[in-house]
Amino acid sequence: MNTYPSAYEKNIIIKSKDLKGNIFVIKCGGSLLSNKIYLDQIIKEISQMYHLGIKIILIHGGGNEINDISKKFHISPKFLNGQRITDKETMEIVQLSLHGKTNRNIISCFNKYNVNSVGMSGQDSNTIEANIRDEKLGYVGNITHVNLNLIEHLLNGNYLPVISSLATDKQGNTYNINADIMAAEIALATSADKFLILSDIDGIYDDFSNKNSLYNEISLNQIKKGVDDNKFTNGMLPKLEACSLIINKKKMNCQIINGKIKNNILESLIFNKSIGTKII
Ligand SMILES: Nc1ncnc2c1ncn2[C@@H]1O[C@H](COP(=O)(O)OP(=O)(O)O)[C@@H](O)[C@H]1O
Ligand SMILES: CC(=O)N[C@@H](CCC(=O)OP(=O)(O)O)C(=O)O
């Protein structure tokens with residue numbers, strides 16, 4: 001077996017020298033994680049960066065898997081503005097699916113690539129505190145505080161935190177949080193160098209039915225107008241809320257790219273290629 005690095009891998013090593021110690025917060029959507037080929041490809045690229053000294057925090061979704069398991073329990077998934085309506089029973093399914101299955105699968109995959117990954121949820125060590133976001137959504141949380149102790153401990157020990165989007169409060173309640181929004185809050189709290197959202201689409205379209213209408217860059221004003229004009233719907237809404245949170249508060253590189261395409265993560269984070277949609 002050829003174990004010498006390829007020309008591409010050599011370029012990654014050269015480019016990564018200046019990025020050693022940087023913090024990259026990556027959010028990966030459930031649409032990618034339920035596919036073994038995409039999961040493996042994504043974890044492999046993240047592992048390459050980890051082994052070159054970049055500090056990565058991975059926050060994952062798993063919405064489609066939650067839908068599948070809900071249906072097995074004869075519960076039909078319901079959403080409001082891209083957020084799952086989460087009653088008590090649904091909350092149990094969210095925990096089971098998101099943390100019991102998706103989070104575990106990701107850790108198993110990192111183990112293949114020799115990465116010291118640690119699975120946790122926002123509940124662990126009170127990392128993500130929340131309260132009720134909207135009575136209509138049930139146990140969906142609105143993040144009130146990010147406690148960085150555990151994440152910092154892990155990063156300092158060269159562990160890679162893999163975080164499922166559950167949160168807690170001081171009364172011992174558990175909340176379901178959209179993973180895009182949790183990822184953005186963690187990127188802000190850690191003052192990450194880069195924030196990347198991986199999904200199953202190339203980025204943000206002006207008109208989702210027209211694949212020539214992809215935005216290479218989009219401003220907060222364009223986002224606001226597009227939301228008012230119903231150009232962005234369903235799962236795109238929390239992504240836009242997440243990116244807006246970031247751009248409103250910090251100057252951070254913030255991009256939505258297609259995680260299905262091989263090397264897209266490296267092209268974006270290491271080679272600064274303008275793929276997908278950059279939020280400006
Ligand atoms: N204007 C738009 N541009 C891109 N995607 C859009 C747009 N409007 C709605 N969407 C929807 O948002 C989805 C991405 O959100 P979601 O399914 O939650 O992904 P993930 O599982 O990666 O978080 C796309 O698959 C698409 O159906
Ligand atoms: C409140 C809310 O909607 N939570 C999400 C959490 C998972 C998620 O965000 O998954 P994706 O990234 O795959 O969409 C849900 O229950 O589907």
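Read-outs: derived from the displayed coordinates by stated rules, not from any lab. Just so it is clear, the model here is predicted, and its values are computed rather than measured. We place every Cβ from the backbone using ideal geometry, glycine too, and count neighbours over all the protein chains shown.
Modelled spin-label separation between GLU135 and LYS78, with each label point placed 7 Å from Cα along the Cα-to-Cβ direction: 1.5 nm.
Taking 7 Å steps out from each Cα toward its Cβ at SER219 and PHE271 produces label points 3.0 nm apart.
With 0.36 nm allotted per residue and the present C-alpha distance subtracted, the LYS112-ASN35 stretch has 26.1 nm of extension available.
Between LEU96 and HIS51, the modelled labels are 3.8 nm apart [label points 7 Å from Cα along Cα→Cβ]. Take every pair of alpha-carbon atoms less than 8 Å apart whose residues are at least six positions apart; their mean separation over the length of the range 167-280 yields a relative contact order of 36 percent.
Summing charges over all other residues whose Cβ lies under 13 Å from the Cβ of ASN216, with Lys and Arg as +1 and Asp and Glu as -1, gives -1. Taking square-rooted eigenvalues a ≥ b ≥ c of the alpha carbon gyration tensor, is the range 1-90 rounded, prolate or oblate, where a/c under 1.5 means rounded and, failing that, a/b exceeding b/c means prolate? Since a/c reaches 1.5 and a/b is larger than b/c, the shape of the range 1-90 is classed as prolate.
If you sort the three axes of the alpha carbon gyration tensor as a ≥ b ≥ c, you get a/c of 1.5 or more for the range 153-209 and a/b no higher than b/c, which makes it oblate. The value of relative contact order for the range 19-279, using C-alpha pairs under 8 Å at least six residues apart, is 23 percent. Shape call for the range 19-279 from the C-alpha gyration tensor, a ≥ b ≥ c root eigenvalues: rounded (a/c under 1.5), prolate (a/b greater than b/c) or oblate? Here the range 19-279 falls in the rounded category.
Subtracting the Cα-Cα distance of ASN126 and LYS15 from their residue separation scaled by 0.36 nm leaves 36.3 nm.
Between SER209 and ASN147, full extension at 0.36 nm per residue minus the direct alpha carbon distance yields a gain of 18.2 nm. Inter-part distance, the range 130-179 to the range 228-280, computed on C-alpha centroids, equals 21 Å.
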